[in-house]
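**Q** First the structure, which I've put down as structure tokens, then a few questions once you've had a look.
The values are calculated or read from the model by the stated rules, or taken from the named source; none is laboratory data. No experiment lies behind these values; they were computed from the predicted model shown. Cβ atoms come from the backbone with ideal geometry, glycine included; neighbour counts cover every protein chain shown. Surface areas here come from the heavy atoms of the whole protein model, side chains and all, with no ligands, DNA or RNA. Shrake-Rupley method; radii C 1.70, N 1.55, O 1.52, S 1.80 Å.
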Amino acid sequence: INEALDNGENRIELQPGSYADGKRGSYYASRAAAAAKASGHVTPGGLVCGVDYEVTASGTNANTGIHSLTIRYLNPTVLTVDEYVARIEDAIRERKTYVVFQYQDGDDSRANIEAAVETFWDEKPTVDGLAYGTNYGLTLGTSYNDKTCNITITYK
């Protein structure tokens, strides 16, 4: 969780696991999430819960056993279009199925995120041997309440 926080991820998923002590993976995931969302928790990169970020949702999916956390950064950095493109490309290389970016009103963050997605739509780049339109595609959704842009990556 700390690594994902230091990397600026807005959604963190912890896969279920089996442990020698017989406890379910969700037990350890929920304990780790509780530690990360405790006021004053400090990541190795120096982010402080309640000052730099907050966990807005945390829970385990009963069907999959995946524990997820949704993060909101309180002082988000506005990235350039090229930096957003690079993060989307990294997600494709890692075969992730989504990327979530936070934006804020009054700056260029949302416009830059939308422009990054449009770069894929217009230029149809090949990433890690995958051709846009043939091997993968992107869709963009926006949550105005959460101030996030959700990019879904579909592989064919």
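**Q** Go through ASN10, ASN2 for me and flag whichever is touching a strand residue (DSSP E or B) at 6+ places or on another chain (Cβ under 7 Å) and of a type in the set (S, T, N, Q).
**A** ASN10
**Q** How many residues does segment 36-56 hold that are aliphatic (A, V, I, L, M) and surrounded by 15 or more Cβ atoms within 10 Å (Cβ to Cβ)?
**A** Total satisfying the criteria: 3.
**Q** A further question follows. Quick one: in segment 9-35, which of the residues that are hydroxyl-bearing (Ser, Thr, Tyr) and open to solvent by less than 60 Å² (accessible area, probe 1.4 Å) is farthest from LEU74 (Cα to Cα)?
**A** Here the residue is SER26.
**Q** Right, another one. Suppose the filter is under 17 Å from ASN10 (Cα atoms) and outside any strand (DSSP E or B); does ILE92 pass it?
**A** For ILE92, the condition - under 17 Å from ASN10 (Cα atoms) and outside any strand (DSSP E or B) - is met.
**Q** Under 7 Å between Cβ atoms, at least 6 apart or on separate chains: pull out the pairs that start in segment 60-73 with a residue that is touching a residue at least 40 places away in the same chain (Cβ under 8 Å) and end on any residue that is surrounded by 15 or more Cβ atoms within 10 Å (Cβ to Cβ) and of a type in the set (Asp, Glu).
**A** Qualifying pairs under 7 Å: ILE66/GLU13; SER68/GLU13; ILE71/GLU9; TYR73/ASP52.
**Q** Also, quick follow-up: Select from segment 1-28 the residues that are in a helix (DSSP H, G or I), out of contact with any Phe, Trp or Tyr (no Cβ under 8 Å at 6 or more places or on another chain) and among the aliphatic types (A, V, I, L, M) and list them in ascending order.
**A** If the condition is that a residue be in a helix (DSSP H, G or I), out of contact with any Phe, Trp or Tyr (no Cβ under 8 Å at 6 or more places or on another chain) and among the aliphatic types (A, V, I, L, M), then ALA4 is the only one that fits.
**Q** Return the pair list, or none, for Cβ contacts closer than 9 Å from residues in segment 1-24 that are under 18 Å from THR56 (Cβ atoms) and polar (S, T, N, Q) to residues that are in a loop (DSSP other than H, G, I, E, B) and modelled with pLDDT of 90 or more, at least 6 apart or on different chains.
**A** ASN2/HIS41; ASN2/THR43; ASN2/PRO44; ASN2/GLY45; ASN2/LEU47; ASN7/GLY45
**Q** Given (1) within 21 Å of ASP146 (Cα to Cα); (2) aliphatic (A, V, I, L, M); (3) touching a helix residue (DSSP H, G or I) at 6+ places or on another chain (Cβ under 6 Å), identify the lone condition not met by LEU5.
**A** (3)
**Q** Only one of these conditions is not met by CYS149: (1) in a helix (DSSP H, G or I); (2) surrounded by 15 or more Cβ atoms within 10 Å (Cβ to Cβ). Which number is it?
**A** The failed condition is (1).
**Q** Of the residues GLY65, GLY59, which is within 17 Å of the chain's Cα centre (by Cα), under 17 Å from GLU13 (Cβ atoms), surrounded by 12 or more Cβ atoms within 10 Å (Cβ to Cβ) and not acidic (Asp, Glu)?
**A** Only one candidate qualifies: GLY59.
**Q** Considering each of GLU114, GLU123, GLU118 in turn, give the residue that is farther than 26 Å from ILE1 by Cβ and open to solvent by less than 70 Å² (accessible area, probe 1.4 Å).
**A** None of the others qualify; the one that does is GLU114.
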